[in-house]
1. Using heavy-atom solvent-accessible surface (probe 1.4 Å) with all chains present, what is the largest-first order of B:F102, A:F304?
2. Calculate what fraction, in whole %, of the accessible area of chain B sits on carbon and sulfur atoms when a 1.4 Å probe is rolled over the protein chains.
3. Which percent, nearest 5, of DSSP beta bridges in chain B are antiparallel?
4. For the pair A:R93 and A:Y169, what calculated FRET efficiency results from E = 1/(1 + (r/R0)^6), where r is the Cβ-Cβ distance and R0 = 60 Å, to the nearest 0.05?
5. Which of A:K24/A:K64; A:K64/A:K216; A:K105/A:K216 have a Cα-Cα distance over 18 Å?
6. Can you work out the FRET efficiency for the pair B:S129 and A:S144, with r the C-beta to C-beta distance and R0 = 51 Å, to the nearest 0.05?
7. For chain B, divide the Cα radius of gyration by the Kirkwood radius and give the resulting Rg/Rh value with two decimals.
8. In whole Å, what is the distance between the alpha-carbon centres of the stretch B:1-80 and the stretch A:172-235?
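The values are calculated or read from the model by the stated rules, or taken from the named source; none is laboratory data. Keep in mind the model is a prediction, meaning the values are calculated, not measured. Cβ atoms come from the backbone with ideal geometry, glycine included; neighbour counts cover every protein chain shown. Just the protein is used for accessible areas: all its heavy atoms, side chains included, with ligands, DNA and RNA removed. Shrake-Rupley method; radii C 1.70, N 1.55, O 1.52, S 1.80 Å.
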Amino acid sequence: MQVEVKPETLAAPAEPVLRVENLKAYYQMNYFGVSREVRAVDDITLTIHRNEIYGIAGESSSGKSSLIKTIAGAIRPPLRVVSGSVRFDFGGRTLDVYDDPQAMKAARWRHLSYVMQGSMNVLNPVRRVKHAFHDFAFRHMGLSPSAFRARVEAHLEQIGLDPQVLEAYPHQLSGGMRQRLAIGLATVCEPEFIIADEPTTALDVLVQQDVLALIKDVQSRLGSSIIFVTHDMTVHAAIADRIGIIYAGRLVEEGPAQAMFARPQHPYTAHLIASLPRIGDTTRRQSLPGKPPNLADPPSGCRFHPRCPLAITKCETESPPLEPRGEGRVACWRAGEVAAA
Amino acid sequence: MSALLQLDHVGRSYPVGGLFARGKMQAVKDLSFTLDAEKPEIFTIVGESGSGKTTTARMILGNEVPTSGAIHFLGKDVTTIRSRSDRLAFMAKVQPIFQNPFEAFNPLTTLDFYLFSTARRFLGLKARSEIDAAADKALQHVGLSLAEVRGRYSHELSGGQLQRIAVARALIPGPKLIVADEPVSMVDASLRMSIVNLFRTLRDDLGVTIIYITHDLSTAYYISDRVIIMHRGEVIEAGEARAVLGHPSQEYSRALRNAVLPPDPVAARRIINERLERRRSGLAEGAG
């Protein structure tokens, strides 16, 4: 008997690819006997599924870059993992980033790759582009040099670049081309998981949409998962399936992009979305009062309370847990009242 | 109407190439506009990188000499300012704000030094108390106070605060015109609006005209009175901001306008998906 599979049931069973549990990563510094601890990643739990784009948003120095560096296992002292775990699941094989450095090394680039912030930093200015591909990807692919070259050329054509760029030096290419190359480098091994740090921040407006479409294209073709970081909420709106909002090292809200933009549940998220300027609308946008918290000495209770329009006494003393609510999760004592305010 | 700033057919070219292959790169071509001295406004120059908007800013500030045309500030030709005192008087009236607040300040110098030395140089103040009062007054305009800034170094403050201090420093000499070159591109979205709102306050309360240079069309629409769109050194479209950015008439300005992603998942996704379809069909044609 033939069983008909509905498209919805195909999409529904989402296998987790990445599980981050109670992750704490602090910058621990000790100068002249004075120790200082900056809690950049503080007790974060999140799960990312196969074939999903997960966006992390937050202001500068909120710990969003520290979080993805910790997830990638690309940290060095003074940033240290204090507790918690980061586990990937690649084809049924579980990989603990901080438990098995040898397996992690083998998985890097093959299963897990990284699009770095600022495409200029990826390519060596005095070597031709082809060397970058060779250095990053050759030993992970197990191909002969000529087969490798053919594969890279085919891959570049897929992402809309002329294979001739392999013979070019980075300064001969435009910013948009270099950003494409950075994405090409990260995806040539067809990894299951891609980490991207501010993939479009340094780009011109006209190039930005192209690069976003390219990321989306590569992701849907490979069926891989992406976690990316940017403070630009419009980029999240354009490609993220789910968004996580980070404030002062903590995840304060998480949910599907459309639901979050329609009904933000945390006052900070509500502010971020309300402050976005739109063409055709000149009503005055309010900016957030106060200054970003110092992560070496974060505010007590809910870390957002000194700047929050809805803060009550409870917020000053008790830190709200991240709890399921609506279609996502939120950490706020007054989550139900955010939409009304 | 008396003109605060008048640009007449201003052009700037740079020589490129070596000894035998001389060429010229025209960074700015035939640029003309006038700012009214009586009516303070936010005048925005929009363009991509390489459109000549920063060269324009540098010419207005007198850091760069136009190769053709003339720039007049309050009736005086900017390029003919020679003497030290004239230069100082001009600089007091035209102040810059730069792109990256983290790079604009020396990390080894306390921030109050910039405020104090500006007060000393342009206002000729000598007494400690007068200098402090001038710095504090300027900081009050941007929502800070001298007590918060005194003795601090640039790494101790956030990007938004640093950019506010940069604005406060520019306000000390009592300028008529502030040239802000990409002042919000390095600060993140939530602080962006506070800087942009500050410009509006300066225009309304202090009567300062602001030349706002940006590639961000949505903040340009939000605060500008007038706007010009530049492309490869030429003005493509100019006029009242709501009209130009809301309903652009030229093809290039329309493309620029459409490149702005709306802060709405449904609409933004549709744009990206359309582009994706075009990409895929383009690739299929190329292969076939």
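1. Values: B:F102 110, A:F304 5 Å².
Heavy-atom accessible area, descending, gives B:F102, A:F304.
2. Working: 6720 of 12980 Å².
Roughly 52 percent, rounded to a whole number.
3. Details: 23 of 41 bridges.
Antiparallel bridges make up about 55 percent of those DSSP assigns within chain B.
4. On the way: r = 39 Å, r/R0 = 0.65.
Plugging the Cβ-Cβ distance into 1/(1 + (r/R0)^6) gives 0.95.
5. Values: A:K24/A:K64 13 Å; A:K64/A:K216 21 Å; A:K105/A:K216 27 Å.
The pairs that break the limit, which is 18 Å between Cα atoms, are A:K64/A:K216; A:K105/A:K216.
6. On the way: r = 78 Å, r/R0 = 1.54.
The calculated FRET efficiency here is 0.05.
7. 1.02
8. Between the Cα centres of the stretch B:1-80 and the stretch A:172-235 lies a distance of 36 Å.
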